[in-house]
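Heads up, the thing below is written out as structure tokens.
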Amino acid sequence: MKYKDLDIIGSEEWCVFEDLEIPAIKARVDSGAKTSSIQANNIKVYTKGAHEWVKFEVNPLQDNRGINIDCKARLVDRRTVKSASGISEERYVIRTPVRVGSLTFEIELTLANRDTMEYRMLLGREALNERFVVNPAISFNMGEFTATEINQRYSSHFKEKTGLKIALLASNPMLYSNKRIMEAGEALGHDMVFLNVEHAYMKLDANSPEIRYRGGNILNEFDAIIPRIKPAVTFYGCALIRQFDNLGVYCLNSAEAITQSRDKLFASQLFSKNDIHIPITGFAKSPMDTKDLIRMVNGAPLIIKLLESTQGKGVVLAETNKAAESVINAFKSVQTNILVQEFIKEANGQDIRCFVVNGKVVASIQRQAEKGEFRANLHQGGKASIIKITSEERKLAVKAAKVLNLAVAGVDIIRSNKGPLLLEVNSSPGLEGIENATGKDIASIMIRAIETKIKFNS
């Protein structure tokens, strides 16, 4: 189809980069973006002759990290751009021919971390001008590649699985974190299986204990389990983890560790016992003690937390003593357990998320609450940025994970006038915010941690 001698292009199209040896990559067509971009990892600049060149790796298929293309091209520019997460970053720019349908032309590409985006490539308006008219209502107007054709084009890149059999125990296979862990495991040559917590059931028997899956399949061939159970199924999920442990399967986080981390009161008591500093925290049962409870944590403003809450949900800021008293007594009247905690005003709505794996901080970010909000959680509108943590903060994060016996943990720290304070520890930390902000492949680090623990040599 033609319009005034211009080809009509759809909202998504397949692109081929012969010079980069990329046989097919699906692109989002976006006339709102000036320059096109492509997903790139492990970017390294080097000198060749009188010019700068750049080496980089491309995972061209969205859900398959096992396919990795080594690319190189001459570097033509460096540009500061703002990413989708609002973080300004310098990106390298290359120029290379691209084929879309039957048309081949040269375009500029920025090398970007697009792991959190739906498409591995974006085709911008500089590539569209004087060539295409965009019809956003259609897809692949320039030609479609079937799944069979894609497999044929990438057949030489598929790796035979020679690794471990690892199960991801969770509820939603479409969550970013779960997808990334599955991709990372596959990329490292392991057989990855997604297990829905609620579809598994167990047989308790001294002679022949079992875990079965919907349909009656016996789950007896796993080398390791990665638990990522949501709070609503903590009890049942931990029962399954204990059963896998009884069967001799290595579990990245134990049921005991997860249970402890999910109980904010118990965890706080463990931290205090082990000389880990937290904001002054109070807990009481009777409404008769509310006024003194408020005074005990230095009065309003103060934070009120449900004992079982995640992602900043169930957390309330009471700005006056009267408001605090009302909210606390309201929760008590409906038999809801809460913690009352001092408000660290000097933190200015910022906290630090440290990602700990096997006793090491592998990545850290600063989270900033949006204007008018006190919670810095990314699920509550917070923004993430890279931060260099102090040695004191690093030691605090590692110690907090160790006290709870968590191999993988998201440790939240707040900076106060008294030094760093521990806010809480998450046993199923999300990967999206920290991977996007830092550019680190946290999912692969988690898989490598399993390999190390069970002494697997790839």
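What follows is calculated from the coordinates using simple rules that are stated; it is not laboratory data. Note that the coordinates shown come from a computational prediction; the quantities given were computed from them, not determined experimentally. Note that each Cβ is placed from the backbone with ideal geometry, even for glycine, and that neighbours are counted across all protein chains shown.
Annotations for the structure displayed:
- The label point for Ser326 and the one for Ile218, both projected 7 Å from the Cα toward the Cβ, are 6.1 nm apart.
- Think of each Lys and Arg Cβ as +1 and each Asp and Glu Cβ as -1; about the Cα centre, that makes the dipole of the stretch 11-137 roughly 260 debye.
- The Cα atoms of the chain define a convex hull whose projected area, averaged across directions, is 27.5 nm².
- Considering only Met121, Val54, Leu103, and ranking their Cα positions along the charge dipole of the stretch 2-156 that arises from unit charges at the beta-carbon of Lys, Arg, Asp and Glu, the one farthest toward the positive end is Val54.
- Based on Cα atoms of the stretch 134-263, Rg over Rh with Rh as the Kirkwood radius reads 1.11.
- For the stretch 149-211 and the stretch 248-295, distance of Cα centres in Å: 33 Å
- For the stretch 317-366: rounded, prolate or oblate by the Cα gyration tensor [a/c cutoff 1.5]: oblate
- Helix-only mean residue ellipticity at 222 nm for the chain, each DSSP H run of n ≥ 4 adding -39500 (n - 2.57), per residue, nearest 500: -6500 deg cm²/dmol
- Contact order normalised by residue count of the chain, Cα under 8 Å, 6+ apart, percent: 12 percent
- Here the dipole of the chain is about 980 debye; that uses its Cα centre as origin and unit charges on the Cβ of Lys and Arg (positive) and Asp and Glu (negative).
- The stretch 280-343 - convex hull of alpha carbons, volume per residue in Å³: 70 Å³
- Think of the chain as a dipole: +1 on every Lys or Arg Cβ, -1 on every Asp or Glu Cβ, centred on the Cα centre; then among Asn196, Ile229, Ala24, Ile229 lies furthest on the positive end.
- Rounded tilt (10° steps) of 264-273 against the dominant C-alpha axis of the chain: 70 degrees
- Rounded to 0.05, the FRET efficiency of the Ala239 and Arg74 pair, given R0 = 56 Å and the Cβ-Cβ distance, is 0.45.
- Cα long-axis angle, helix 234-246 against the chain (0 to 90 degrees, to the nearest 10): 80 degrees
- Cα-based helix-to-principal-axis angle, 176-187 vs the chain, degrees rounded to 10: 60 degrees
- Under-5 Å amide H pairs with Arg212, H placed in peptide plane, nonlocal only: Tyr201, Met202, Lys203, Leu219
- For the stretch 347-453, the square roots a ≥ b ≥ c of the C-alpha gyration tensor eigenvalues yield an a/c of 1.5 or more together with a/b not exceeding b/c, which makes the shape oblate.
- Computed from the Cβ-Cβ distance with R0 of 56 Å, the FRET efficiency linking Ile280 to Leu6 stands at 0.25.
- Under the Karplus curve 6.51 cos²θ - 1.76 cosθ + 1.60, θ = phi - 60°, whole-Hz ³J(HN,Hα) for the stretch 441-453, x wherever Gly or Pro sits: 8, 5, 4, 5, 4, 5, 5, 4, 4, 5, 4, 5, 5
- Averaging Cα coordinates gives a centre for the stretch 301-370 and one for the stretch 114-136; these two points are 41 Å apart.
- Cα-centre dipole for the stretch 347-453 with unit charges at Cβ (Lys and Arg positive, Asp and Glu negative), debye to 20: 340 debye
- Of Lys345/Lys383; Lys179/Lys388; Lys322/Lys383; Lys273/Lys388, pairs whose Cα-Cα distance is over 23 Å: Lys179/Lys388; Lys322/Lys383; Lys273/Lys388
- For the stretch 143-225, applying the loop criterion from DSSP together with a ceiling of 14 other beta carbons within 10 Å to the GluC sites (Glu not before Pro) yields Glu144, Glu160, Glu221.
- Simple rule: put +1 on each Lys or Arg Cβ and -1 on each Asp or Glu Cβ in the chain, find the dipole, and look at His157, Leu306, Ile276; the Cα lying farthest toward the positive end is Ile276.
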